[in-house]
Amino acid sequence: MNVYIVTDLEGISGIDSWDQCYPPNRDDPAYQQALRHLTEEVNAAVAGAFDGGATRVFVVDGHGVNENKGFVTDLLDPRARKVYFATRNPLRLEAFDQSISAVAMIGQHAMAGTINGFLDHTQNPKVICRFQINGQESGELSQFALYAGALNIPMVYASGDEALCDEARRIIPGIATTPTKRGTGWATCQLYDTAEVRRRIRHDFANILRDKKSWPAPLHTRTPIEITVEWAWSEPADSLGRIPNVQRLSARTTRWWIDTPLDLYDYPNANWKPIPPPAQP
């Protein structure tokens, strides 16, 4: 059983400030401490995966600011195979194919616009106000679950703040979750004990992996896929609105279509070509 884990930073236990996730420089002590928390939490998930029957575990650092340098090398469980992007244009994950049995997210945050979601956002903090997939509010968890679903791979587990756990269970019935903290505002939270959180991650992840009959179904959506993004200001919409097949719905809102969830992350780049809008019935 091959298991694939994608990580973020905002939902890791022990992290309760913006500066821990978005530091002025990589040597910032608060950021360095956050990376240690990240690595220890990943280790708990890796241990849980092997406890649950995994034969190989892949881990990818999904927090963009980390630039794939988020795991503290001398702390990371040596059984984990660290991977990243196989290609960027289009964006494809290394070693991510139909040999993967299940996927998980560790340290994830809630989607943009979530009340009491700690540092809630979707992809770009303070840039994207709303991200919709076929008319449904979506965050980074939905995006990766659909990306995996394109290869018929289920997302079976997620950890993050309470708001993220609620979001995961709403979108993917049957998913196992472990809360790491409780958001009390956009930039404030109540932390849970880190040792207990890590113990629960190992336990909860192992339990869901052992019981394959309880795994949620892979997440799917209809195609072609309609993407609607509301930006925080009009300039991004100005730029995207000039690209063929991108519709400008309002000063700050754009819409386009893609034909596979594997292309959810592919905007904008040099070769990005949204497909023509579907014909009206």
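The values are calculated or read from the model by the stated rules, or taken from the named source; none is laboratory data. Treat the numbers as computed from the prediction; the structure is a model and nothing was measured. Positions of Cβ are backbone-derived with ideal geometry, glycine not excepted, and every protein chain shown enters the neighbour counts.
Picking from residues in the range 134-150 that are within 18 Å of ARG252 (Cβ to Cβ) and of a type outside the set (Ser, Thr, Tyr), the one that is surrounded by the fewest Cβ atoms within 10 Å (Cβ to Cβ) is GLY135. Of the strands (runs of 3 or more DSSP E) lying entirely inside the range 163-281, not one contains at least 1 residues that are touching an Asp or Glu at 6+ places or on another chain (Cβ under 7 Å) and of a type in the set (Asp, Glu).
When the range 7-36 is filtered for residues that are within 17 Å of the chain's Cα centre (by Cα) and acidic (Asp, Glu), the ones remaining, listed by number, are ASP8, GLU10. Among the criteria (1) under 24 Å from TYR4 (Cβ atoms); (2) at pLDDT 95 or above, the one ASN116 does not fulfil is (1). Just one of the numbered conditions (1) surrounded by fewer than 22 Cβ atoms within 10 Å (Cβ to Cβ); (2) hydrophobic (A, V, I, L, M, F, W, C); (3) touching a residue at least 40 places away in the same chain (Cβ under 8 Å); (4) in a helix (DSSP H, G or I) is not true of ALA30: (3). In the set GLY174, GLY241, GLY160, only one residue is free of Cβ contacts under 8 Å to residues at least 40 places away in the same chain and touching a strand residue (DSSP E or B) at 6+ places or on another chain (Cβ under 9 Å); that residue is GLY241. Apart from one condition, ARG169 fits all of (1) without any contact (Cβ under 8 Å) to a residue 24 or more places away in the chain; (2) buried (at least 19 other Cβ atoms within 10 Å of the Cβ); (3) farther than 26 Å from PHE71 by Cβ; the exception is (2).
Of all residues assigned to the range 191-200, at least one qualifies as being in contact with a strand residue (DSSP E or B) (Cβ under 9 Å, 6 or more places away or on another chain), over 15 Å from ILE15 (Cα atoms) and at pLDDT 95 or above. Residues of the range 33-53 that are surrounded by 21 or more Cβ atoms within 10 Å (Cβ to Cβ) and not in a helix (DSSP H, G or I): GLY52 alone.
In the range 72-148, counting only strands (runs of 3 or more DSSP E) that sit wholly within it, the ones holding 3 or more residues that are under 18 Å from TRP186 (Cα atoms) and not hydroxyl-bearing (Ser, Thr, Tyr) span 128-133.
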